[in-house]
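Undergrad: One structure coming up, written as structure tokens, with questions to follow.
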């Protein structure tokens with residue numbers, strides 16, 4: 001890659017020189033600086049550089065301007081706010097760091113500088129790389145997913161703390177909890193929070209809290225420090241213990257700018273141990289204020305309800321009638337209903353009676369003459385039977401005639417009387433002797449079978465078949 005970039009820089013340099021050779025006009029300082037910047041940015045790839053921070057200036061815009069120096073030289077550097085805000089530490093004067101950036105030229109002043117994109121404390125490169133590898137792997141497994149984050153209880157019965165008994169963070173958390181809600185019990189799960197052997201102790205403390213289930217929320221915390229001091233909370237064993245804990249976990253490790261793997265795995269991350277205590281505990285003052293607001297709202301609601309019910313009672317009292325008077329009024333109304341019902345029923349019965357009489361008179365006018373109709377039916381049946389017998393006799397006579405005609409025309413009957421049918425070899429019946437040749441073979445069909453015969457004409461009457 002370096003060879004490729006160097007070649008590209010050489011080509012650009014030669015192109016620029018050729019341009020200057022072809023054009024004898026004088027160029028501006030701006031053009032010169034722009035060409036120098038292009039040559040630097042295209043010829044030098046971003047590289048890691050180590051040195052000491054000096055002449056540090058943190059501008060109001062949020063950008064950082066400083067020099068990076070070693071024993072023999074120094075170079076100006078700038079790190080813009082959006083990159084600076086991502087650092088897990090705050091740059092300071094004299095801090096040994098390793099940074100990676102683009103070598104460029106600040107055209108306005110013609111200053112050679114590095115536009116810094118990444119920075120880490122010197123000698124901690126391997127730790128940061130291990131941190132990023134573990135972070136990426138656990139994130140791919142879904143341990144950082146918001147879907148698995150559990151909400152914190154609004155009013156915990158007991159709060160657990162995983163930290164060192166000698167840590168200042170414990171005093172900050174306990175004092176904050178006593179100030180906000182002194183009635184909530186606090187249970188400490190003591191552990192070493194840094195150094196050799198701290199990781200298994202932290203894991204054991206978290207597992208003990210989850211196994212006992214005597215608290216509603218668990219705070220895992222310690223004060224600020226270097227990345228080495230906080231490294232126990234970047235170990236995979238601690239991260240998996242936090243993820244497996246059945247109790248919601250709040251991570252309050254380090255200061256606001258410190259981030260650990262424990263922060264990403266926990267259900268909630270607090271910038272400081274004190275903030276973690278404020279996150280898990282309700283504020284006594286806030287609850288008192290809410291209670292007072294609720295009391296006042298309830299008082300106003302009860303006042304409105306009492307006023308409404310009083311007005312309703314006054315309205316109903318004006319409508320209140322003596323039971324005897326109400327009963328008498330109902331009896332009078334009932335009597336009126338009875339009288340109207342009786343009149344309505346009488347009118348209805350009279351209407352139905354008139355309709356019944358009208359229907360009876362219509363029925364009497366349209367009553368059929370059954371005896372006469374029966375006689376007509378008997379006569380009709382007799383005439384129909386006579387006509388049927390006569391038609392049947394006629395059909396029988398006609399059938400007999402047709403049968404006799406068919407019998408007379410039946411060829412079989414003619415054969416039975418001694419006649420025969422002469423048929424040629426092709427089965428055609430012979431009607432004229434002239435159709436037959438002399439000595440031609442024919443078939444004689446008789447009534448009870450067939451026989452073969454040969455035709456013999458008088459001499460010379462018909463031509464003869466060749467033999």
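Each value in this text was obtained by applying a stated rule to the coordinates, not by laboratory testing. Since we're looking at a predicted model, the values are computed, not measured. Please note: Cβ atoms are built from the backbone with ideal geometry, for glycine as well, and neighbour counts cover all protein chains shown.
Undergrad: Which angle between 0 and 90 degrees, to the nearest 10, do you get for helix 198-212 versus the longest principal axis of the chain when only C-alpha atoms count?
TA: Taking the Cα atoms of the chain, the angle to 198-212 is about 50 degrees.
Undergrad: If you don't mind, there's one more thing I want to ask. Where Rh is the Kirkwood radius over the Cα pairs of the range 305-388, the temperature 20 °C and the viscosity 1.002 mPa s, what D in µm²/s does Stokes-Einstein return?
TA: 104 µm²/s
Undergrad: I'd like the Kirkwood hydrodynamic radius of the range 221-276, using the inverse of the mean 1/r over distinct C-alpha pairs, in Å.
TA: 10.9 Å
Undergrad: Here's a follow-up. Taking 30 Å as R0, compute the FRET efficiency from the Cβ-Cβ separation of residue 255 and residue 34 and round it to 0.05.
TA: In this case the efficiency is close to 0.10.
Undergrad: What is the distance in Å between the Cα centroid of the range 269-311 and that of the range 233-267?
TA: Going from one Cα centre to the other spans 32 Å.
Undergrad: Now, a different point. Against the globular-protein guess of 2.2 N^0.38 Å, express the Cα radius of gyration of the range 85-129 as a ratio, rounded to two decimals. Mind dumping the intermediate values first?
TA: On the way: Rg = 12.7 Å, N = 45, 2.2 N^0.38 = 9.3 Å.
Ratio of Cα Rg to 2.2 N^0.38 Å: 1.36.
Undergrad: Find the percent of Cα-Cα distances in the range 51-127 that exceed 18 Å, and round it to a whole number.
TA: 36 percent
Undergrad: Further question on the same structure: How would the range 315-467 be classified by its alpha-carbon gyration tensor: rounded, prolate or oblate, with rounded meaning a/c under 1.5 and the a/b versus b/c comparison settling the rest?
TA: Numbers: a/c = 10.84, a/b = 3.78, b/c = 2.87.
Prolate, since a/c reaches 1.5 and a/b exceeds b/c.
Undergrad: Ok, one more. Pairwise over distinct Cα atoms, reciprocal of the mean inverse distance: report the Kirkwood radius of the range 97-195 in Å, one decimal place.
TA: Values: mean 1/r = 0.0534 Å⁻¹.
When all Cα pairs of the range 97-195 are included, the Kirkwood radius is 18.7 Å.
Undergrad: If all Cα-Cα distances of the range 151-198 are sorted into 10 Å bins from 0 onward, what percent lands in each bin, rounded to whole numbers?
TA: 24, 49, 23, 5
Undergrad: For 116, 157, what's the fewest-to-most ordering of other Cβ within 10 Å of each Cβ?
TA: In order of increasing Cβ crowding within 10 Å: 157, 116.
Undergrad: Then there's this: How tilted is helix 284-319 with respect to the longest principal axis of the chain? Cα atoms for both, answer in degrees (0 to 90, nearest 10).
TA: So the helix axis and the longest Cα principal axis differ by about 50 degrees.
Undergrad: Listing 231, 48 from the residue with the fewest other Cβ atoms within 10 Å to the one with the most, what is the order?
TA: In increasing order of surrounding Cβ atoms, one gets 48, 231.
Undergrad: Tell me what the chain gives for mean residue ellipticity at 222 nm when only DSSP H runs of n ≥ 4 count, each as -39,500 (n - 2.57), the sum divided by the residue total, rounded to 500 deg cm²/dmol.
TA: Rounded to the nearest 500, the figure is -17000 deg cm²/dmol.
Undergrad: Further, regarding this structure: Once you keep just the Cα pairs under 8 angstrom separated by 6 or more residues, what percentage relative contact order results for the chain?
TA: Result for the chain is 8 percent.
Undergrad: Could I ask something else about it? Among 105-114, 261-270, how do they line up from the highest to the lowest mean number of other beta-carbon atoms within 10 Å?
TA: 261-270, 105-114
Undergrad: Just want to confirm a number: the relative contact order over the range 378-464, from Cα pairs under 8 angstrom separated by 6+ residues, in percent.
TA: So the answer I get is 20 percent.
Undergrad: Here's something else I'd like to know. Where a ≥ b ≥ c are the square roots of the eigenvalues of the C-alpha gyration tensor, would you call the range 347-418 rounded, which needs a/c under 1.5, or, failing that, prolate if a/b is larger than b/c, or oblate?
TA: Prolate.
Undergrad: In addition: What percent of all Cα-Cα pairs in the range 211-335 falls into each 5 Å bin, going from 0 up to the bin containing the maximum distance?
TA: Values per bin, smallest distances first: 2, 9, 12, 11, 9, 6, 5, 5, 5, 4, 4, 4, 4, 4, 4, 4, 3, 2, 1, 1, 0.
Undergrad: Given an 8 Å cut-off on Cα distances and at least 6 residues of separation, report the relative contact order of the range 163-307 as a percent.
TA: 25 percent
Undergrad: With N denoting the number of residues in the range 295-347, provide Rg(C-alpha) divided by 2.2 N^0.38 Å, to two decimal places.
TA: That ratio works out to 2.21.
Undergrad: A follow-up question, please. Where does the range 381-438 land on the Kirkwood hydrodynamic radius, alpha-carbon pairs, in angstrom?
TA: Taking every pair of different Cα atoms in the range 381-438, averaging 1/r and inverting gives 15.4 Å.
Undergrad: Same structure, new question: For 206, 219, 321, what's the fewest-to-most ordering of other Cβ within 10 Å of each Cβ? Intermediate values should be presented prior to the final figure.
TA: Working: 206 26, 219 29, 321 9.
Neighbour counts put them in this order, fewest first: 321, 206, 219.
Undergrad: Next question. Considering the chain, what Rg and Dmax in Å follow from its alpha-carbon atoms?
TA: 62.6, 163
Undergrad: With a/c under 1.5 counting as rounded, go ahead and sort the range 178-240 into rounded, prolate or oblate using the C-alpha gyration tensor (a ≥ b ≥ c being the square roots of the eigenvalues; past the cut-off, prolate if a/b is larger than b/c, else oblate). Mind dumping the intermediate values first?
TA: Values: a/c = 2.64, a/b = 1.50, b/c = 1.76.
Cα axes put the range 178-240 in the oblate bin.
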